[in-house]
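One structure below.
The values are calculated or read from the model by the stated rules, or taken from the named source; none is laboratory data. Keep in mind the model is a prediction, meaning the values are calculated, not measured. Please note: Cβ atoms are built from the backbone with ideal geometry, for glycine as well, and neighbour counts cover all protein chains shown. SASA here: full protein model, heavy atoms, side chains in, ligands and nucleic acids out. Shrake-Rupley method; radii C 1.70, N 1.55, O 1.52, S 1.80 Å.
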Amino acid sequence: MCGVFGIFGGPGEVNAASLTYMGLYALQHRGQESAGMAVSDGDSLQLHKEMGLTANVFDEEIINRLPGSLAIGHVRYSTTGESSIINAQPLLAHCSKGAVALAHNGNLTNAQELRRELELGGSVFQTTTDSEVVINLIARFGKDDLQTATIRAAKRLRGSYALVILARDKLIGLRDPLGIRPLCLGRLADGAAGRTKAYILASESCALSNLGAEFLREVEPGEMVVIDQAGLRSIKFASRRRQAFCVFEYIYFARPDTFLAGKNVHEVRKAIGAVLAGEAPVEADVVIPAPDSGTSAAMGFAAATGIPFEIGLIKNRYVGRTFIQPAQEARELGVRIKLNPVESVIRGRRVVVIDDSIVRGTTSATMVRLLREAGAREVHLYIASPPYLHPCYYGIDTSQAGELVAATHTPAEIRDLVGADTLHYLSLQGLLRAVGTPGQKLCAACFNGKYPVPVQQEVNLPEASLA
Ligand code: AMP
């Protein structure tokens, strides 16, 4: 998972670097490992990227050194492969089309194949990301303009990609033919209904509203938008009836204030909580969320059951997402530092705790233990998604099947492992009902194993790192 952002403003209309900074800030939840941006002043591109959070990577002085009204940005969440500065994005290359920068959210399932082919053809690579394959492919179509080369490159890509590409005088955004990862288009206007000052591309609509920009629409699956001085053009480079938007974006990844396919994520999560409550009724005194990812679902659960909603666990907001830390030991420690129970809510109570998902089981086990230590009489764990059984090859950090506790344990075994009195997962039908999008428009491979893009087993990306 990553967050991407792009802005095209007329000369002198906007400060692209400071708006990109704010956009990346709004998308920080999609990746906390590195942040970067490439900015064009109409003549040349400048790049700044480093490991760390947006606020640590950029300061006023750096932003001031990046003048221009066009930019792209990226926050990275690496999965397999190296988490180092060489893999931070945007990537910048100089080719027949001049300087081109690219930022990618997603994961190419044929990256290794393409890379081998390109290497045999003489290409050199400087990173271990699959995203570099894309920029190499674009450069390969040397005689074509950037737009044509990007379409020709896209036709070779398999897997998931939401891409933003920046040239001296152009911003391009595109989404894979199945629309697995999100990308939306917005507009910054001069006053309410005024002149367009800039077009914006962003992984999530929360980045638009944070900037006071208007949401125009989503970039369609298989669509490329090109924005330059001539305005905005849309090119459909692939058409498929099947779509496969990642359902896990609704469950966990996206921010609650974001809209995905016209649906507000917070409302979808509340609906999920209500469906979950209907599927497995419980007698309890209090419903609490796993902070913060379970909050919306817990509100929906509490409203549907009439059991009071409470805050029973406090999250230290200054600890990053536990998942981000590579080693298991660090991860466990991270979870403990991160969470503390509110004893007055918990002691002597029958507690329903709602989390969005169980991946390895670390978070659930820690939460249940903390609740028991705080005097909970009963702990009922409700999970606002079905058992996570299959690794994701499209950009979510679970590419190792062995790490998924539900792949190797029954729900009853997981209940015992995490120490809960009962454990209930949402059914897949229940999930689809709550999301309200027809199943054939979603990717739910992590739950049902139906991969919309074929994956070979060797796509375990030993050296290639996911964007
Ligand atoms: P675990 O502790 O391994 O069971 O992870 C589950 C917790 O991590 C849940 O509380 C989720 O909020 C969160 N989570 C789920 N999937 C992911 C993911 N792919 N990356 C980061 N965090 C995740």
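With a 1.4 Å probe and all protein chains left in place, how much accessible area per residue does the chain have, in Å²?
38
How much of the accessible area of the stretch 266-436, probe 1.4 Å, is carbon plus sulfur, in whole percent?
That fraction is 53 percent.
Please sort by residue number the trypsin sites (Lys or Arg not before Pro) in the stretch 91-146 whose DSSP state is loop and whose Cβ has at most 16 other Cβ atoms within 10 Å.
Here the trypsin sites (Lys or Arg not before Pro) that fit, given the DSSP loop and packing criteria, are 143.
Relative to the Cα centre, what is the charge dipole magnitude of the chain, using +1 at the beta carbon of each Lys and Arg, -1 at the beta carbon of each Asp and Glu, and rounding to the nearest 20 debye?
940
For all pairs of alpha-carbon atoms in the stretch 266-436, what percent lies in each bin of width 5 Å, listed from the first bin to the last filled one?
2, 9, 18, 22, 22, 17, 8, 2, 0
Report Rg/Rh for the stretch 3-244, rounded to two decimals, where Rg is the Cα radius of gyration and Rh the Kirkwood radius.
0.94
Tally up the carbon and sulfur contribution to the accessible surface of the stretch 3-244 as a whole percent, 1.4 Å probe, everything protein left in place.
Percent of accessible area from carbon and sulfur atoms in the stretch 3-244: 48.
Work out the length of the dipole vector of the stretch 3-244 about its Cα centre, built from +1 on the beta-carbon of each Lys and Arg and -1 on the beta-carbon of each Asp and Glu, and round it to the nearest 20 debye.
I would put it at about 980 debye.
Please work out the Cα center distance from the stretch 199-247 to the stretch 1-74, rounded to the nearest Å.
A separation of 18 Å, based on Cα centres.
Under a 1.4 angstrom probe, counting protein chains only, how are 314, 172 ranked by accessible area, largest first?
From most accessible down to least: 314, 172.
Which of the pairs 197/270; 170/441; 155/441; 338/450 have their Cα atoms more than 29 Å apart in this structure?
The answer is 197/270; 170/441; 338/450.
Find the all-direction average of the projected area of the Cα convex hull for the chain, expressing the result in square nanometres with one decimal place.
One quarter of the hull surface, i.e. the mean projection, equals 21.2 nm².
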